[in-house]
Amino acid sequence: MTPKVSERGAMPSLQGMPRFLGIGSARQSANDVARDGTQGPGRALPHGERIQHSFGSRHDLSSVRMHVGRKSTEACDRLGAAAFATGSAIAFRSDPDLWLAAHEAAHVIQQRHGEGPPAGLDSPGDRHERAASAVADRVVAGKSAKDLLPRGEGRAPGGAAAVQRYTIETLGAGRAQVGETKQTALFGSQTLYATSGLISGANSKLQAAGKHGSYIELKAAGGSVNVDGNALTGVQPEFLAKPGSPHSGVEKANAPGGMDTEGTANGPMALWTDCGRSSAAVTGSSGGGDRSVVYFDNGVAKLGKGVDDSTVSDWLKGEPNQMANQVYMDLLPRFIERSDNAAFVVEGVHYDMKSNTATGALAGAAVGAGLGALIGSFVGGLGAAPGAVIGGVAGAIGGAIIGSQARSKAFRKPATIAEAKAMYLALGSAGMDKFDKEAGINFHANPEIGESYSMATEGDMPGFKSYPGVDTWNYHWAGVVMKDGSDNITLENYAVTEKYAASKGVDQYDFIDRQWNFAMYGTVDKSQTFHQEHLASKTHGSHATSIAVRTDQ
């Protein structure tokens, strides 16, 4: 199946910082750091007239104050930010340009309308950051940003303000996402820089993927940037032609003089727009069911092709959904039975209470018979046999009474995928996160180089909802081509609409263009993960499962 999507979209993330920062021997909260950096009266927001013109009269910026100086610089350094906004105060590391001033002013408006992050600290790359960046782009272009700003009545300044950070590396070539070990820098969606060691190491792992290796090779493309003493060189993907390749269409588009579906013969590498096919190129997949979900059972990696049943809706019967189904069906029964998970299980969902009356009666009868035989052989000439009978009856009655007071948990095993999903949700937030972490899914999905992320929309999960005005995709794929510490860099693409593909005379599945994306995802900070980035886009509705997928070797 192909995603039901009307617009192409990419969700860039930005490098995050810890919620608490070590300062000397003490631990100081981000809010305390922000307070230190915004002391004093401050001064008027620079570029105020241009920003106000784009914001419109409904969003008054006259009370916004800028703070620049030693304390503000120190606070920005501690937060790893070029600037941050808290309430109506904005601290800058140095005098800001128009773009950065407008970006932070947008955060001020967000906070006035209660749209700041609930935890009091933003998540770099989240929707608040993306919205502020879009506003700043409009301001720099001299266009109105009214439609991008919150509507309705804003609240008065005051109270507990959020601290929102624009966490970036400002390099000679501009703003970039920088990997954990400072060996990668991503500008926009197609301009990647990396150390020569990371490039060669990534290519070795890519060519070990699947049975025939990846169809993608990373090439040094010239140009360089320096990040904290690391010399990084430009990186571009190149499509490899291989005998018997299922990607012959892309091979032709990348051959000398070859054209993509748009009629373009020059520029970056051509690639399938269908995310599943572009991911298959990264992972060396030939199609035909040669990919498996990678998940963990008690720390041991397992592979699976997926499961399906009649409780699954037709639009959710694709490969990613089947793979996600297997994880839940396989792991949940053992997870809920473990004593260390007792706090998460719910009676009537995960288990039923079972009375032990019958067991107690049988045990009591056996014990009573033995005691009756012994007593009967000595007392009043009763005899062993009659004593055993009387003792057995008495023992059964007593055992039944005692057994009826003792109850045990009879754990359920999901008979259908629908039951498994309901049992998963009933674990609660803490239980689900523990299950996810052990299984290596959702926020904890972490594919290796040459493997792929896949997100399966869980349209059948209880409580699932789609969002008005947003098309719901059934899945998304993204192949991992490089790692920088705990950060993953993917090569991915997004499907065009069926209507647009038809206008070019091809099927949506066969569309090829040169607008692929490099993307950087974290695996430690949940806000930077593949799972969060794509769930936050609302294109997978309210519930989805993210997994790691490997091509069979």
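The values are calculated or read from the model by the stated rules, or taken from the named source; none is laboratory data. Since this is a predicted model, take the numbers as computed values, not measurements. Reconstructed Cβ throughout: ideal geometry from the backbone, glycine too, with neighbour counts over all protein chains shown.
Take the residues in region 213-226 that are buried (at least 20 other Cβ atoms within 10 Å of the Cβ) and aliphatic (A, V, I, L, M), then tell me which one is farthest from A202 (Cα to Cα).
In this case the residue turns out to be V225.
Among (1) modelled with pLDDT of 95 or more; (2) under 17 Å from the mean Cα position of the chain (by Cα); (3) among the hydrophobic types (A, V, I, L, M, F, W, C), where does W473 come up short?
Here W473 meets the rest and fails (1).
Name the residue that is farthest from A439 (Cα to Cα), counting only residues in region 335-355 that are part of a helix (DSSP H, G or I) and free of Cβ contacts under 8 Å to residues at least 12 places away in the same chain. Steps first, answer last, please.
As a first pass, look at region 335-355 and keep what is part of a helix (DSSP H, G or I): 335-337, 339-341.
From what is left, the residues that are free of Cβ contacts under 8 Å to residues at least 12 places away in the same chain are 339-340.
Numbers: S339: 18, D340: 16 Å.
By that ranking, first place goes to S339.
Any idea how many residues of region 518-553 are surrounded by fewer than 24 Cβ atoms within 10 Å (Cβ to Cβ), in a strand (DSSP E or B) and among the β-branched types (V, I, T)?
Of the residues in that region, 0 qualify.
Residue check: is G450 modelled with pLDDT of 95 or more, in contact with a Leu (Cβ under 7 Å, 6 or more places away or on another chain) and closer than 30 Å to S214 by Cβ?
Working: modelled with pLDDT of 95 or more: yes; in contact with a Leu (Cβ under 7 Å, 6 or more places away or on another chain): yes; closer than 30 Å to S214 by Cβ: yes.
For G450, the condition - modelled with pLDDT of 95 or more, in contact with a Leu (Cβ under 7 Å, 6 or more places away or on another chain) and closer than 30 Å to S214 by Cβ - is met.
Out of region 229-242, which residues are part of a loop (DSSP other than H, G, I, E, B) and at pLDDT 90 or above? Give the derivation first.
The initial filter retains those residues of region 229-242 that are part of a loop (DSSP other than H, G, I, E, B), namely 229, 240-242.
Selection gives L240, A241, K242.
Give just the number: which of (1) part of a helix (DSSP H, G or I); (2) over 30 Å from G174 (Cβ atoms) does T261 not satisfy?
Against the list (1) part of a helix (DSSP H, G or I); (2) over 30 Å from G174 (Cβ atoms), T261 comes up short only on (1).
Would you confirm whether any residue within region 106-117 is in a helix (DSSP H, G or I), surrounded by 15 or more Cβ atoms within 10 Å (Cβ to Cβ), aliphatic (A, V, I, L, M) and out of contact with any helix residue (DSSP H, G or I) (no Cβ under 6 Å at 6 or more places or on another chain)?
In the first step, residues of region 106-117 are kept if they are in a helix (DSSP H, G or I); the result is 106-112.
Filter again for surrounded by 15 or more Cβ atoms within 10 Å (Cβ to Cβ), leaving 106-112.
Those still in the list that are aliphatic (A, V, I, L, M) too: 106, 108-109.
Next, from what is left, pick out any that are out of contact with any helix residue (DSSP H, G or I) (no Cβ under 6 Å at 6 or more places or on another chain): 108-109.
For region 106-117, residues in a helix (DSSP H, G or I), surrounded by 15 or more Cβ atoms within 10 Å (Cβ to Cβ), aliphatic (A, V, I, L, M) and out of contact with any helix residue (DSSP H, G or I) (no Cβ under 6 Å at 6 or more places or on another chain): present.
Take the residues of region 502-517 that are of a type outside the set (D, E, K, R) and in a helix (DSSP H, G or I): which is surrounded by the most Cβ atoms within 10 Å (Cβ to Cβ)? Give the steps one after another, and end with the answer.
Going through region 502-517, the residues of a type outside the set (D, E, K, R) turn out to be 502-503, 505-506, 508-509, 511-512, 515-517.
Among the residues that remain, those that are also in a helix (DSSP H, G or I) are: 502-503, 508-509.
Details: A502: 12, S503: 10, Q508: 19, Y509: 15.
In this case the residue turns out to be Q508.
Name, by its number, the condition in (1) within 30 Å of L198 (Cα to Cα); (2) at pLDDT below 65; (3) in contact with a Phe, Trp or Tyr (Cβ under 7 Å, 6 or more places away or on another chain) that does not hold for P124.
Condition (3) is where P124 drops out.
Within region 259-279, how many residues are hydrophobic (A, V, I, L, M, F, W, C), buried (at least 18 other Cβ atoms within 10 Å of the Cβ) and over 20 Å from the mean Cα position of the chain (by Cα)? Steps first, answer last, please.
The initial filter retains those residues of region 259-279 that are hydrophobic (A, V, I, L, M, F, W, C), namely 259, 265, 269-272, 275.
Checking the rest, the ones that are also buried (at least 18 other Cβ atoms within 10 Å of the Cβ) come to 269-272, 275.
Among the residues that remain, those that are also over 20 Å from the mean Cα position of the chain (by Cα) are: 269-272.
Number satisfying all stated conditions: 4.
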